[in-house]
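Peer 1: Here it is: the structure, laid out below.
The values are calculated or read from the model by the stated rules, or taken from the named source; none is laboratory data. All values derive from a computational prediction rather than experimental measurement. Quick reminder, even Gly has a Cβ in these numbers, built from the backbone with ideal geometry, and neighbours come from all protein chains shown. These area figures cover heavy atoms from the full protein model, side chains too; ligands, DNA and RNA do not enter into them. Shrake-Rupley method; radii C 1.70, N 1.55, O 1.52, S 1.80 Å.
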Amino acid sequence: MVKQSQADALARERIRYRLTVLQRTLPLLPGAAIIVAGQILFWAEGGPAGPVLVTGLVLWLVAPLVAVVSSSAFGITLTTSAAVVHNFRRRVIPWSDVQAIRIEPLMGSRTVVLHEANGRRTRLRAPMTGFLSWDRRFEEKFHTIGRWWLDHRGPEWTPVPPPRTWWDGPTTAGDPYAPPA
């Protein structure tokens, strides 16, 4: 099944990955529960039930819809020439500039991170997976992104040594990826 979907993905010219609807709305549910509980307690203490309760319930219903619509733009688009990262601002990362693609943990979830030749790390908002925001196709999406990078980075791609830092110690000649002697 995974091999078939990867083959289908590679046949296309572009692929777009976004957060699932559940991943976009689930973070809002605790806040919505607090709003509703507060409104019910306010009403139970003798406060005005009509306008305050209705306002709280309308906000509880509207906030998830706004979150679903506003966060639907976040994600990544894979094209034959670059990875287009959609965050608050759109960023195009040519495949030839990408040095590695890894899964890294972040606050209990796992995200895909693009490591660029200039040392910059770009954490993708989608795909991601975690305890309450599970994406059962996360591994497949990660492998598809990696396959696109390997297939489209070009024959002239060469690994760039990671940027030097002061705690790396003295520079050595030879393979920068070799373990220290």
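Peer 1: So, in the range 106-131, exactly how many residues are at pLDDT below 90, touching a helix residue (DSSP H, G or I) at 6+ places or on another chain (Cβ under 9 Å) and open to solvent by less than 40 Å² (accessible area, probe 1.4 Å)?
Peer 2: 8
Peer 1: Now for a different question. Hey, among 93, 103, which residue is open to solvent by less than 40 Å² (accessible area, probe 1.4 Å) and either in contact with a His (Cβ under 9 Å, 6 or more places away or on another chain) or assigned to a strand (DSSP E or B) (or both)?
Peer 2: Being open to solvent by less than 40 Å² (accessible area, probe 1.4 Å) and either in contact with a His (Cβ under 9 Å, 6 or more places away or on another chain) or assigned to a strand (DSSP E or B) (or both) holds for just one of 93, 103, which is 93.
Peer 1: Related question: Mind counting the residues in the range 115-135 that are outside any loop (DSSP other than H, G, I, E, B) and of a type in the set (Asp, Glu)?
Peer 2: The number of residues fulfilling the criteria is 1.
Peer 1: Sticking with this structure for a sec: When the residues of the range 116-136 are filtered to those that are in contact (Cβ under 8 Å) with a residue 60 or more places away in the chain and of a type in the set (D, E, K, R), which remaining residue is farthest from residue 74 (Cα to Cα)?
Peer 2: 135
Peer 1: Among the residues of the range 68-115, how many are hydroxyl-bearing (Ser, Thr, Tyr) and under 17 Å from residue 139 (Cβ atoms)?
Peer 2: The number of residues fulfilling the criteria is 2.
Peer 1: Any idea how many residues of the range 139-181 are loosely packed, with under 14 Cβ neighbours inside 10 Å, modelled with pLDDT of 80 or more and in a helix (DSSP H, G or I)?
Peer 2: Here the count works out to 2.
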